[in-house]
1. If you wrap a convex hull around the C-alpha atoms of the range A:59-116 and split its volume per residue, what is the figure in Å³?
2. Averaged across the residues of B:136-149, what count of C-beta atoms belonging to other chains lies within 10 Å of each residue's C-beta?
3. For the range B:189-304, take the convex hull of the Cα atoms, compute a quarter of its surface area, and give me that in nm², please.
4. Mind checking the mean number of beta-carbon atoms from other chains within 10 Å of the Cβ atoms in B:197-209?
5. With a ≥ b ≥ c taken as the square roots of the eigenvalues of the C-alpha gyration tensor of the range B:670-802, please select rounded if a/c is under 1.5 and otherwise prolate if a/b is larger than b/c or oblate if it is not?
6. List A:Tyr89, A:Tyr97 from most exposed to least, where exposure is judged by having the fewest other Cβ atoms within 10 Å.
7. Place a +1 charge on the Cβ of each Lys and Arg in the range B:641-755 and a -1 charge on the Cβ of each Asp and Glu, then give the dipole magnitude about the Cα centre in debye, rounded to the nearest 20.
8. In peptide A:220-229, how many Cβ atoms from other protein chains are near each Cβ within 10 Å, on average?
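No value in this document is a laboratory result; all are computed from the given coordinates. Predicted model, so just to flag it, every value in this text is computed and none were measured. FYI the Cβ positions are ideal-geometry reconstructions off the backbone, even for glycines, and counts take in every protein chain you see.
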Amino acid sequence: MAIECLVLGAGQEVGKSCVVVTIGGKRIMFDCGMHMGYHDCNRYPDFARILAAAPETTDFTSAISCVIITHFHLDHIGALPYFTEVCGYHGPIYMTYPTKALAPLMLEDYRKVMVDQRGEEEQYSYEDILRCMKKVIPVDLKQTIQVNRDLVIRAYYAGHYLSKLKVLGAAMVYAKVGDAAMVYTGDYNMTPDRHLGAAQIERLKLDLLITESTYAKTIRDSKHAREREFLKAVHKCVSEGGKVLIPTFALGRAQELCILLDDYWERMNLKIPIYFSAGLTIQANMYYKMLIGWTSQKIKDSYTVQNPFDFKHVCHFERSFINDPGPCVLFATPGMISGGFSLEVFKRWATSDKNLVTLPGYCVAGTIGHKLMSGKPTRIDIDKDTHVDVRCQIHQLSFSPHTDSKGIMDLTEFLSPNHVILVHGEKPQMAFLKDRIESELGMSCYYPANNETVSIPTTQNMKISATEKFITNCAALQARDSLQKSDLISSIHLSGVNEDERLAEGILLMEKSKAPKILCEDEFLKLLGTDRHSVQFEPLLPSRIEEAEAAIVDDLTSE
Amino acid sequence: MDGSLASSDPGPSFAKPPGSSGDSGPCASRSSGPGPEVEVRALVSMAGGLYPLARAEALRGLAAVVEKVGTSGGAVECCYGCAVELLRDEDQSIRLAAVRLIGLCAEKFAGREEVSGIGNGDQMDLIFLQLSSTARDMCMQVRIEAFNGLAKMQRVSEGVLLQSLSKKVIRTDTGSGSICKANKLPPKLIFPCAAGIFAHGIEDEFYQVRIAACKTLGALAKFSGQYAQKALDLLMDMMNDDTEAVRLQTLQTLFNMATYGYLSVQEKHMHMFLATLIDANAIVRNAARKILGLVNLPKLQMFRSALDGLITSLEKNPEEQDIYSILFSIGKNHGSFSANVAKHLAKEISTAPNGELILDKHRIQALLIVSISAPVSADKHKKLDIPSVIFSHAIPLLGRISSALGEDIIKDLSYLCHPSGMPFAEKGLMSGEGGRSEFWSVETMRGTHALIEKTRKETNCSDEVLIMGSMRLMLETVEETWAMRESCGIEEIRTILRTCKEEVKVFAIKSSGSTGAFLSFLCDYLDAIRCIVEIRQLIQLENSYAIGPTSLDILLEKLDTYVRRMKCCYTGLNRELEVQVLELVLLANLFRLSKFGVCSKLMLDKLHWIINQLDGLCADGSCEFSDFSNTVKQTFDANVIDGTLVVDICNFLKIFRLKPAKDFGMLNAASAVLQVLGNNSENPLPYICGLPVGVSFDISLSNISGHDRIWIRMNSGQSIQHAFLELSCFEGNDEVKSCSTVIPFYATPLACSFVLRVCLVIECPSGSICTHYEEHGGPRDSVVQLCDELNVYLVSTDTECKN
């Protein structure tokens, strides 16, 4: 038996994660993402290849046992409505509760952008999304699900977050058919956050691990150092009477920074107001409160005492506060100052050198955030008529996404699978990581390109019955062994105890239509109905007396 | 064939056990009795069993055996080998037990090395790596246990330690490399497995793990300086942790590192340190301070910022008095920096307008303490020039310092009084000799706690002794100050005296009884001396040009009051003190004499009486009749015939020696409490205009003898009325007497309401000489107030008046 792994997306690239794995005849699709960089047919995985690989059937529903979505990012879920509603897959879809809650929002947001703003042809409608979500079966962490007679899946906490959006409910998925088992990680994070925990999984016997490898070569420095720099910059600014603008996205990041600041404010006894622009809290905190079980230990612990998302020092921001004097800290959307409220505030505050703007780790080209990050501009043109003189300080928050190469190595080492497949990464980095995994961990490692298939041999366990005589024989043998050993041990030393290899001899009998069986030599003879024949060998030493004699004669004659 | 196979089986496995071939040799000969071997063998075979719970239990059993057996013997190796095999078990409880067992074995190995003296660094490194590899386990308990095990390690090589801090794999050829080459390690257990375990540990999701990691970080610091330095970077980050327990553990770790001298703070760490100094949590602040008291700051800039931080902290939390002791020890640890601070402070003092340096300011107090700590610092070889003005200013803080510091330091502080009083004297600085003043020397936090607790207890019982001691020091200072009255500016003397008094007051608040009386006596004494100094100044000035007579009058009156208080309000003055007080009385009278030039009969009588009294006191030779008294007596005897006395007060002043008593005996202060129950501005007593009103007083008197004449003085506007209190009506003994009595006030004014100011006074006996005439039937002699004035509120019941 083997595991066939067809990489439809995210092979040697980042985007449209989609891997179809065939274990013991069962086909599972992990993630069904879309590529944000393409606007043509390349944006979706090439689903037709699934059918090509499954000659016995012609429709997706029978070809694929189930679809499993790890988390709600578009590069992991974006193609799902297309796959179910357009391609016509009607089988089961599994995802975690938070993912199920958040996915429709993401999908609908994107559909709107695609259709309304870019004026593209509609790939699927809002109704399609809703219909698609109806087919989803939510799963809980560590809940074992029997998909069908052979296939078992289980989700583990992955703790993943991205710089743009902290992700609740990201999961790693364990799948098992018969004796063949594998784990698909999705995106995960091995370093815990203030509000999201680190990935957690058990030690499992695995044949295959499919892991993301976004940061295959990078080793990130300590989170604490980044936090310290951030707090230092903010504290310095407000203590000098400046205003701090923190552009963030609604979900995740704002909460993270807010927990950090609120904590610091409490400790340092600061009285300077921290503002949340309206809208930020309502939507995001609602989800977080709802899904408290998916957050970090600290949040879970404190939840019983007080709601950790009810910040003590945070108040709502009114538009009229913009021109108020005095220091303050403001969280505003959107994160890259591409427009909206954060742009409005930026325009007012950027002109004073006392103020500070903190930027997220990643900004899309063309946004003001991107312009601020690339060098320190003194003047930014917002449109043809307006421009802003930028005098404020700029602090870049390098809270980076995904696990780093250390995290990948740690997880791989911990799970100790027989084989590793890398997806979701850049080709050169993947090659580097492959070498490390092979040399340091001694596992075979692959990083297939899109639409390539990797076949992995699996271990197969066999049940064997043994005859009674064989077992008694073994036991007797062992008893004798240990008797001998104990004499030795007490007279010499103990270190032999660890090397107690219980050897026994027997004959494995495998017959057609019968369970394999192990038995003793004499039983086997009886079964065959023959007597014991013994073959004895005599050592035969080749001798060359004649040659030697001839040589002597030669010698003699020559003399 | 069977037989030959069986018999040959154990052979090779004994000859060369692959895992621990290096260690088994030497241990083989050291096998102890058969006891543990049987247990170990049984448990090891169970540990290889099929069922996870049995395996875990077997490992726990092995751990119990390892704890029991001595360091010698092969049992430890055997258990270790078994634990290593199960280190990567699927079941987390087994991994947990295995990690714990390895930790125990490591301890045993370390103990063995200590006994034999033969180090096996490679083995220790190997165990360190094995434990490190479990520090990234997915199970929280395993991670905690791994860190706990790592904390017990001994003699780990520097390369491995450094690797444990950095996530990046450090490629080294030495030491660690040999492990890899030696092929002792299983393929998965190689050098990088230790990479960054601490970097991960301190970021762990569970605070329990973070605490364990933090402890281990500190515990390992003793093996390598380079490691300690890098570990500090990580620890500094942990001060921002969101869990308080972690922050406290971090501080505890830093404290331990500082105690053992592995803490070298750099400039980049200061920001964090200073932030913890003003943390909202008092425990955090306290711990941060303790660390600061121990560390060595390499740069003056850092030293100054540390001081600033402490001062800010002091300003925010003035109740935290231990900051002073921290300031002292910081100053002591950085002698030359403190000297620098002292120099700047001296400049500041000298430029302060009119010598008015506000000692109440925390900043000045803090800087003073740092400055005076310099002479006791370790940098004795350097000559530290501490301007003497610092010492004279520091004197009043003595009490604060001594209460903040332990007793050890107080001994050292005795040097203070010497340079302080005599800035011109060529005395070298007496620094606390020897290193016995190492208050913050090697002690654990707990040790320090115990010490502080002990000191506090001792201080309580020896409080009085302590106060007496410091007061004696202070009096010496006063004496010396008096000695330098000629050479020094009045301002300086006045400042010293004033601050001395402040200090006495600080003590007085806490003490009662005899000590309290003594302290309040001292207050009066210091006041009197200050008056004398000021009067002297005025008189000298008057010689050159005229000055408003009023200020002199006021001063003379003040001096009279102080002297009278000292004379009348204290019982149990010993002879020495009595003589001194009388001399002061004499001096006060002489001042009056010189002021008016001519003296009345009354004045002469008074002087005569005082001199006679002095004479009488010194007659039996128990006390010395001072030059001053003698001169006065002679002058008096010579001039008395014609009834006038020409006094050259300046001459007398020159002779006058201030010689504070060495022994004070048991003083008691006369005092009184006067109350009118139920009366205040809201609930006034009723009266009818023009008619006498009776006021009911509750009076209690302390330390008033039956011979004293006590009056109650009532005073409203211009009218003063004295009423004599018959002490026989009082109940109680000599110590405390009390009674309730109704005393009428006659001269009620024609007003809607008025406030009656009432106070108890004691008459000062002055022989038969009457200074006051009994105009209102009041006291014959001058009086001294026994209590503060009490306001009695009265309101007229007359309706007409109300309208």
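1. In the range A:59-116, the Cα hull volume divided by residue count equals 75 Å³.
2. Details: counts 9, 3, 12, 3, 2, 0, 0, 0, 0, 0, 0, 0, 0, 0.
The per-residue average across the peptide is 2.
3. On the way: hull surface 29.5 nm².
For the range B:189-304, averaging the hull's shadow over all directions gives 7.4 nm².
4. Details: counts 1, 1, 9, 8, 0, 3, 8, 5, 13, 7, 3, 1, 2.
Neighbouring Cβ atoms belonging to other protein chains average 5 per residue here.
5. Details: a/c = 2.62, a/b = 1.56, b/c = 1.68.
Note, shape of the range B:670-802 comes out oblate.
6. If I rank by nearby Cβ atoms, fewest first, I get A:Tyr97, A:Tyr89.
7. Dipole magnitude for the range B:641-755 comes out near 400 debye.
8. On the way: counts 2, 5, 11, 4, 12, 6, 1, 4, 7, 0.
Mean inter-chain Cβ contacts per residue within 10 Å come to 5.
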